Amino acid sequence: MGSNLYSIGLSGLQSSNARINTTGQNTANVDTEGYSRQRTDTASSPLGGVVIRDTARLVDNFVSAQVRADTSDFSYHDTYHSLMTMSDSLLAEDSVSLTGYLNKTFSALQNANNDPTSSSLRELAYSSLNNLVSQYKTLSGLVKDQENLVDEQLSSSLTDVNAITTKISDLNSKILREEGLSSSSANELRDQQELLAKDLSKYLDINAQFNDKGLMTIQLMNGQPLVMDQNPTELKVIQNSLNPKRMDFVLSFGDYNVGLKTESLGGSVGGMVDFRSEFSEYADRTLGQHAIAIADAMNTQNAKGLDANGEFGRDLFSLGRIDIYSSKDNIQKLPNFSVRVSSGEASKITTDTYELSRTDDNRFAITKYDLNDKAVGQSTVFDLANMTPDRHGYYKIEELGLDIRVGDLNAFDQDDVFRFTPTAGAAANLSLHAKNGDALALSAPVGATTSSDNLSDARISVSSVSNTKPDSSAFAADGSLYPSAPHQIYFTSPSSYVVRDASGTEIASVNNVFQYSNLLEQAGLAKEAGFDVSISSMPQQGDEFSISTEDVGPSDNVNGLALINLQNQALVEGKASLTKAFAGFISYVGTKTAESAGHAKSSEVIMNDSINRRDRLSAVSLDEEAVNLMKYQQSYSASAQVVTAARTTFETLLGIMR
């Protein structure tokens with residue numbers, strides 16, 4: 001009995017000592033990040049005494065997984081909100097607002113229209129146009145700077161991600177080796193691994209699991225692996241051949257790469273990727289769409305008037321070349337293909353990416369894709385055999401507002417794919433083509449006069465100019481009207497008139513006239529003439545009105561007024577004016593910023609709640625450890641008393657035997 005009592009007391013001493021050591025370890029690591037408190041478990045021995053089973057970490061894998069998920073969610077929204085806040089604060093500044101520059105530009109044009117003969121007012125208007133172009137470039141530069149900042153942060157983040165996955169893999173090797181040499185768990189190594197997994201969740205939304213060896217494996221939420229047992233993968237970014245502004249993620253397995261979907265990556269990496277597409281790329285295309293709209297509208301309108309030198313107006317703005325991309329195998333084919341915005345058709349241009357593919361010998365199809373790379377609407381199919389190119393070889397695609405030039409058809413295969421985004425970089429590439437204020441075509445190219453012998457008070461005026469091209473209008477290359485063009489309108493009665501050419505020959509007659517606007521359109525001549533006229537009131541029989549390019553005075557501002565009127569026209573996708581479209585863009589940025597602020601705040605609350613749940617189970621409580629220490633000290637002392645009693649009993653028995 002003494003020997004058995006001795007064993008019982010000794011096992012009690014060992015058990016108490018082990019638990020005192022565990023308590024000491026917990027207390028020492030009270031401030032160690034990622035440390036999970038430990039507990040030494042014991043069991044009663046059937047032979048008497050106590051048996052030490054194991055010293056284990058107090059963790060709940062479900063709670064740990066929830067902490068990682070909530071950490072990833074908060075990191076995503078916090079990163080996205082931080083970037084959006086920076087962008088919102090920059091764009092909300094009055095000094096960079098495009099609205100102010102647009103107002104100043106059209107105000108300067110109005111002043112020039114008040115006196116078209118004033119060279120100083122023309123130069124002020126020209127200067128305002130130059131400032132407007134500079135502002136488009138400034139805004140584009142702000143967006144580009146944000147994009148570069150994100151790219152740098154992404155590069156740094158991926159370096160950190162790859163370093164963390166490598167460490168987790170290395171710890172798997174160490175855990176396997178240490179636990180293979182000992183019956184106890186490698187608690188400290190597993191704590192380090194859990195902490196690394198939590199750090200990794202700040203960058204990406206991950207799923208951490210344990211294989212049959214008890215080793216940690218890491219997968220992305222889409223199932224693609226980052227750590228396989230003791231083999232980490234490497235996360236890389238490569239340039240998308242069809243859209244260089246778009247980043248492609250790949251997982252490198254050493255000898256080969258596997259593409260990675262960028263949707264729902266989570267964490268700060270996911271926040272930066274989504275910011276690039278939802279703001280950076282969106283903002284660049286939106287500003288580009290605005291730049292194309294104003295450049296095309298003003299170029300088109302300026303061509304309908306006469307400049308300060310009495311010549312047809314030329315382009316005020318220049319748009320950069322639209323870049324076309326294809327796979328690496330098709331790079332040599334790119335010179336055979338070019339695209340531009342059709343003159344006067346900018347309202348049809350969207351912020352989508354356009355994909356051109358060949359369907360058969362002469363037929364091509366263009367499909368539009370949005371920022372999320374999802375097809376938009378039906379494909380536009382066209383047959384080059386049924387189309388006539390212009391003198392530069394461009395075919396006009398009416399539905400899309402694009403001109404496309406296809407070189408050698410034999411160079412294209414049916415599986416070839418080419419992509420281009422007309423609005424990408426358009427704001428940065430916008431430039432002022434005009435050299436000075438004299439290039440502003442404020443005057444109409446044609447005038448109309450009322451005969452002094454007319455019986456009525458009706459007065460004629462040019463109501464519109466639609467086309468001044470010599471090959472498709474009544475205007476000759478020297479600016480005069482062709483002899484066969486409308487030169488005179490003669491009313492045979494208050495409700496009927498005839499249109500005559502330069503020789504007085506009747507070229508059209510109209511009866512049953514009830515309104516006196518757009519007289520050439522009523523006669524079916526407006527389209528081929530390229531202009532139209534209207535009279536102010538009911539004429540009398542015998543009233544004559546003449547049309548001539550010589551009837552334009554130096555102070556005429558008919559086309560200048562049309563230029564000013566562009567400010568209020570729905571130029572952007574035919575839906576909104578430039579001012580309203582930019583205000584909508586700023587509103588979009590503000591709304592996104594406000595939404596991200598709410599998400600960041602709520603996700604932080606949720607994350608902290610998960611961390612508190614984890615801490616209630618796994619964090620060290622000094623009060624609890626102090627109580628445990630007292631209990632185990634008393635247990636140790638009691639076990640020591642048992643050993644002393646056993647020894648005394650044994651010595652007494654020996655004394656009796658003597």
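The numbers here are math on the coordinates, done by the rules we state, and not lab data. This is a predicted model, so every value here is computed, not measured. Here the Cβ positions follow ideal geometry from the backbone for every residue, glycine too, while neighbour counts run over all protein chains shown.
Using only Cα coordinates, the Kirkwood hydrodynamic radius of the range 445-551 works out to 13.5 Å. Relative to a virtual label point 7 Å from the Cα of Arg616 in the Cα→beta-carbon direction, which members of the range 1-44 show backbone nitrogen distances below 19 Å? Within reach of a label on Arg616: 36-38.
Charging the Cβ of each Asp and Glu at -1 and of each Lys and Arg at +1, and nothing else, the dipole of the range 323-420 about its Cα centre rounds to 240 debye. With the largest listed first and rounded to whole Å, the semi-axes of the equivalent ellipsoid of the range 323-420 from the Cα gyration tensor are 19, 18, 13.
Take the cross-link list Lys137/Lys328; Lys144/Lys601; Lys396/Lys575 and give me the ones stretching past 25 Å between alpha-carbons.
Lys137/Lys328; Lys144/Lys601
Farthest towards the positive end of the charge dipole of the chain, among the residues Val376, Leu430, Leu181, is the Cα of Leu181, using unit charges on the Cβ of Lys, Arg, Asp and Glu.
Label zone (Leu47, point 7 Å along Cα-to-C-beta; backbone nitrogen cut-off 19 Å) within the range 1-32: 1-16. The order of Lys213, Lys592, going from fewest to most other C-beta atoms within 10 Å of their C-beta, is Lys213, Lys592. Averaged over residues, the count of other Cβ atoms within 10 Å places the peptides 148-154, 300-306, 258-264, 440-446 in the sequence 440-446, 300-306, 148-154, 258-264, highest first.
Mind checking which of Tyr256, Asn172, Ser548 is farthest towards the positive end of the chain's charge dipole, using Cβ charges of +1 (Lys, Arg) and -1 (Asp, Glu) about the Cα centre? Checked the options; the winner is Asn172. Each label point was placed 7 Å from the Cα along the Cα-to-Cβ direction; for Asn111 and Ser484 their separation is 4.7 nm.
Using alpha-carbon pairs under 8 Å, 6+ residues apart, how would you state the relative contact order of the range 271-332 in percent? The value is 22 percent. Projected onto planes of every orientation and averaged, the convex hull of the alpha-carbon atoms in the range 200-267 covers 5.1 nm². About its Cα centre, the chain has a charge dipole of approximately 2340 debye under the convention of +1 per Lys or Arg Cβ and -1 per Asp or Glu Cβ, with nothing else charged. For the listed peptides 623-632, 138-147, a ranking on the average number of other beta carbons within 10 Å per residue, highest first, reads 138-147, 623-632. Distance from the C-alpha centroid of the range 575-642 to that of the range 522-552: 77 Å, rounded to the whole angstrom.
Taking 20 Å as the cut-off, the amide N atoms of the range 17-34 that come nearer than this to a point 7 Å along the Cα-to-beta-carbon line of Asp60 belong to 34.
Grab the Cα-Cα distance for Ser517 and Ser451, subtract it from 0.36 nm times how many residues apart they are, and report the gain in nm with one decimal.
22.0 nm
Modelled spin labels at Glu33 and Asn608, positioned 7 Å past Cα toward Cβ, are 1.8 nm from each other.
Under the rule of -39500 (n - 2.57) per DSSP H run of 4 or more residues, summed and divided by the residues of the chain, what mean residue ellipticity at 222 nm is obtained, to the nearest 500 deg cm²/dmol?
Mean residue ellipticity at 222 nm (helix-derived): -15000 deg cm²/dmol.
Computed about the Cα centre, the dipole magnitude for the range 445-551 is approximately 200 debye when only Lys and Arg (+1) and Asp and Glu (-1) carry charge, each at its Cβ. Fully extending the segment from Leu653 to Ser241, taken as 0.36 nm per residue of separation minus the present Cα-Cα distance, adds 139.0 nm.
The label point for Ala476 and the one for Thr159, both projected 7 Å from the Cα toward the Cβ, are 7.1 nm apart.
Taking every C-alpha pair closer than 8 Å and separated by at least 6 residues, the mean separation divided by the residue count of the chain gives a relative contact order of 20 percent. With neighbour counts taken as other beta-carbon atoms within 10 Å, the residues Met221, Met272, Met657, Met216 rank, fewest first, as Met657, Met221, Met216, Met272. Descending by average beta-carbon neighbour count within 10 Å, the peptides 174-183, 559-568, 610-619 line up as 559-568, 610-619, 174-183, the highest first.
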